1. Since ALA238 meets every condition but one in (1) within 17 Å of the chain's Cα centre (by Cα); (2) modelled with pLDDT under 80; (3) surrounded by 23 or more Cβ atoms within 10 Å (Cβ to Cβ); (4) not β-branched (Val, Ile, Thr), which condition does it not meet?
2. Given the criteria within 19 Å of ARG37 (Cα to Cα) and either in a loop (DSSP other than H, G, I, E, B) or at pLDDT 75 or above (or both), does LEU97 qualify?
3. With the structure loaded, tell me whether ARG63 is under 22 Å from LEU162 (Cα atoms) and either acidic (Asp, Glu) or surrounded by fewer than 17 Cβ atoms within 10 Å (Cβ to Cβ) (or both) or whether it fails that test.
4. Being farther than 20 Å from ALA92 by Cα and modelled with pLDDT under 90 is the filter; apply it to segment 199-220 and report the residue that is surrounded by the most Cβ atoms within 10 Å (Cβ to Cβ).
5. Just one of (1) more than 19 Å from THR189 (Cβ to Cβ); (2) under 22 Å from the mean Cα position of the chain (by Cα) trips up LEU61, so point out which.
6. Identify, please: which residue in segment 13-51 is of a type in the set (S, T, N, Q) and in a helix (DSSP H, G or I) and is, among those, farthest from the chain's Cα centre (by Cα)?
7. Which residue pairs have Cβ atoms closer than 7 Å, lie 6 or more positions apart in sequence or on different chains, and pair a first residue in segment 21-49 that is without any contact (Cβ under 8 Å) to a residue 12 or more places away in the chain and within 18 Å of GLY168 (Cα to Cα) with a second residue that is surrounded by fewer than 24 Cβ atoms within 10 Å (Cβ to Cβ) and among the hydrophobic types (A, V, I, L, M, F, W, C)?
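The values are calculated or read from the model by the stated rules, or taken from the named source; none is laboratory data. These figures come from a predicted structure and were not determined experimentally. Methodologically, a virtual Cβ is constructed for each residue, glycine included, from the backbone with ideal geometry; neighbour enumeration extends over all protein chains shown.
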Amino acid sequence: MPLDFFSFIFLFKGEFAALSAALIWASASVIYSKVGRQLSPLILNLTKGWIAIVLIVLTLLLRGQLIPSISASHWGLLLLSGILGIGFGDTAYFNALNCIGARRTLLLETLAPSLSALLAMLFLQEHLSSVAWWGIGLTLTGVFWVVAERVPESAQTHFRPLRGLGFGFLAALGQSIGAVLSRAALSGTDIDPLLSTLIRLIGGTIVLLMWVFIRPPREKLFKPLSSQRLFVTVAGTAFISTYLGIWLQQISLKYAATGVAQALTNTSPLFILPIALWMGEKVSLRAVLGVAVALAGVWLLFNKA
């Protein structure tokens, strides 16, 4: 019996890695939404990126796998994936967290599987079935139903819906393009998912460093990190969400189809609802139903493969 269970886990390792990443990101989004009140999205993204790079380099050194044998084209795909998915996508994601909160931002991220499936169809010839199109339609319906909900006056102190929706869509688009580029690099190769994570983070961090360099005053941007408590919080969350989360995402993209991997990694709204209730946040029936509809669409995308 235990053997059968572990065989099942191994058989669907890509899918289970994606679900694990979704749980991690749901938990981390709550912390990042609070940290974002003290630290700009750009610096938050840069800080979590270089912390994760250090952790991954140490891991690869311990494993004796730091020197990769990867072709130039795969290097290029993974670096570009990091630039668009992590550099631009994650920065937009943190901006969305500041504007519309964790629940709505994560729900907007459920658009990523649909966008990924469409992009994979165009560039990787991973064709969509009629069931998948129904999945895309349900996902869009659920997202629209929730984001169109009126927010009580008491909750609107930092609520900027239009700005948040814009950043949320850009985050989903960046994540989708990054996922398709990663899938193109990883599919059919023996590239280690942790190594591909490092290359993506390097690409994202380089573009963020350039962004910081042309956006003075730089000292003011980094000043909040002088707080030891804030830095430890960011470092701990970076370990969980970036080091472990992106590693798991890369495993899912290596062993599962793009649409399936993205569908399951974007089930975070399913996990965020109990977290929000546990923290004492009011969750409306409309929000629950909207998440259910969006996740039903994600599930149809999962079953199209």
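1. (2)
2. Working: within 19 Å of ARG37 (Cα to Cα): yes; either in a loop (DSSP other than H, G, I, E, B) or at pLDDT 75 or above (or both): yes.
Against the criterion (within 19 Å of ARG37 (Cα to Cα) and either in a loop (DSSP other than H, G, I, E, B) or at pLDDT 75 or above (or both)), LEU97 qualifies.
3. Criteria not met by ARG63.
4. Per the criteria, the residue is LYS220.
5. Just one mismatch for LEU61, condition (2).
6. At the first step, the residues of segment 13-51 found to be of a type in the set (S, T, N, Q) are 20, 27, 29, 33, 38, 40, 45, 47.
This time we only want the ones that are in a helix (DSSP H, G or I), so: 20, 27, 29, 33, 45, 47.
Values: SER20: 12, SER27: 12, SER29: 10, SER33: 14, ASN45: 12, THR47: 16 Å.
Selected residue: THR47.
7. none
Matching residues to (1) touching a helix residue (DSSP H, G or I) at 6+ places or on another chain (Cβ under 8 Å); (2) at pLDDT 80 or above; (3) over 18 Å from TRP247 (Cα atoms); (4) crowded, with 23+ Cβ neighbours inside 10 Å:
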position	(1), (2), (3), (4)
GLY142	yes, no, yes, yes
TRP145	yes, no, yes, no
PHE169	yes, yes, yes, no
LEU181	yes, yes, no, yes
ALA185	yes, yes, no, yes
